[in-house]
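**Student:** Sharing a structure, written as structure tokens. Questions coming.
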Amino acid sequence: MNREWLEKDFYKELGVSSSATPDEIKKAYRKLARDLHPDKNPGDSKAEERFKAVSEAHAVLSDAEKRKEYDEARRLFASGGFGRGGFSPGGGYAGQSGFSEFNLGDIFGGAAAGAGDGGLGDLLGGLFNRGGGTRASSRPRRGSDVETETTLGFREAAQGVTVPLRMTSPSPCTTCHGSGAKPGTSPRVCPHCNGTGVISRNQGAFGFSEPCDDCRGTGSIIDDPCSDCRGTGIQNRTRTITVRIPPGVRDGQRIRLAGQGEAGLRGAPAGDLFVTVHVSQDKVFGRNGDDLTLVLPVSYAELVLGTTVSVPTLDGRVGVKVPPGTADGRTLRVRGRGVPKRGGGAGDLLVTVKVAVPQKLDDNASDALRRYAEAEKEGGFDPRAGWAGA
Ligand SMILES: [Zn+2]
Ligand SMILES: [Zn+2]
């Protein structure tokens, strides 16, 4: 996947400028991901393509290190620093990737005498890899990280849930087993570069290597491309994996599932899967960190006289004692009945009382209330005592 970075404009993909802040990138991505999510656009392959492209762009640009590499490589590319050949994606059929891949470490390593480790070759080694057999390519490449999203119900998110996630990611073509050549045929070694993918030439004191034009840096030539993957050796495959979302995730939280990303090449470890979780609202509950919140409707009489009310929690109900003389709007705390915490235990349940005022009273109740109001006055209660300078 990485080798294709250069021909992609990730900034354009997300609709942000190349100087966008991480926050702007995140915002642009979240909006696009929501609009293009496969769940929202079932059967719309265009939206799915865009969703994948946007996810890939975000995976690179949201990672400060990857973004730096990408910017640097594109800057070099734009300035022609990679030399001619190799990168013209228009040309005829050549390698298994459909796009030239070659080792920049070789190109620059040859020119910059004594550049050694940590030089430009290393910087770009992170970006590119190749199928051929040269120095940097012996390092197995870890699979790419994959981004996806899911929406959970409020209680599911609070309590943890196992969800199936449908994901589309590139994997080796099953027809040609990734070779890119039609079954029964195989790619042949490029005679021009003897399979190395690079041509060396000398110029003055320096030796240069540059990607082979014939095989476009891949080292092999496919005469008969596999029709299923059009010679790329890669197919997009949809898989469904079951993911355990831990209890207590918050809306917008990004969960990392190690090793659940794209498979690595040549036995390298798989990448990670990042799931951005959206949590839908609940009719009764709200959340404040690990605390569960709810508003409890009560009558004026209940606040004055005190009562015990049965309220729902995430698991079952609990009796909440409203003490006599509780003020409207006061929040009562029930310890340990909130959202489960990561390390065990749970937050609290915060119950805020709110007086419900009857819109209509029958004669009986009205009379009683009038009598009560008089008695209250006689008893010396003044609701506005000390209020507004009185
Ligand atoms: Zn194929
Ligand atoms: Zn060649």
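**Student:** Ignoring ligands, DNA and RNA, what percent of the 1.4 Å accessible area of segment 3-77 is carbon and sulfur? Could the numbers behind the result be given before it?
**Tutor:** Working: 2130 of 4180 Å².
Carbon and sulfur together cover 51 percent of it.
**Student:** Another question, if that's okay. Could you order the peptides 224-232, 251-259, 44-52 from most to least packed, using the average number of other C-beta atoms within 10 Å per residue?
**Tutor:** So the order, starting with the most tightly packed, is 224-232, 44-52, 251-259.
**Student:** Also, quick follow-up: Along the charge dipole of segment 1-76, which of TYR29, PHE10, PHE51 sits closest to the positive end, that is, farthest toward it, with unit charges on the beta carbon of Lys, Arg, Asp and Glu (+1, +1, -1, -1)?
**Tutor:** So the residue we want is TYR29.
**Student:** Can you tell me the order of 337-347, 279-289 when each peptide is scored by its average per-residue count of other Cβ atoms within 10 angstrom, highest first?
**Tutor:** Per-residue Cβ counts within 10 Å, averaged per peptide and sorted highest first, yield 337-347, 279-289.
**Student:** Any idea what the alpha-carbon Rg over 2.2 N^0.38 Å comes to for segment 158-208?
**Tutor:** 2.29
**Student:** Under a cut-off of 30 Å between alpha-carbon atoms, report the lysines in cross-link reach of LYS52, not counting same-chain residues fewer than 8 places apart.
**Tutor:** Once the sequence-local lysines are set aside, what remains near LYS52 is LYS8, LYS12, LYS26, LYS27, LYS31, LYS40, LYS66, LYS68, LYS182.
**Student:** If you wrap segment 3-77's Cα atoms in a convex hull and average its projection over all directions, what's the area in nm²?
**Tutor:** With the hull built on Cα positions only, its mean projection is 4.9 nm².
**Student:** If the reach is capped at under 17 angstrom between alpha carbons, list the aspartates and glutamates near LYS46, excluding any in the same chain fewer than eight residues apart.
**Tutor:** Straight-distance partners of LYS46: GLU13, ASP35, GLU56.
The values are calculated or read from the model by the stated rules, or taken from the named source; none is laboratory data. Keep in mind that this is a model prediction, so the values were computed, not measured. Cβ atoms come from the backbone with ideal geometry, glycine included; neighbour counts cover every protein chain shown. For accessibility, only protein heavy atoms count, side chains too; no ligands or nucleic acids. Shrake-Rupley method; radii C 1.70, N 1.55, O 1.52, S 1.80 Å.
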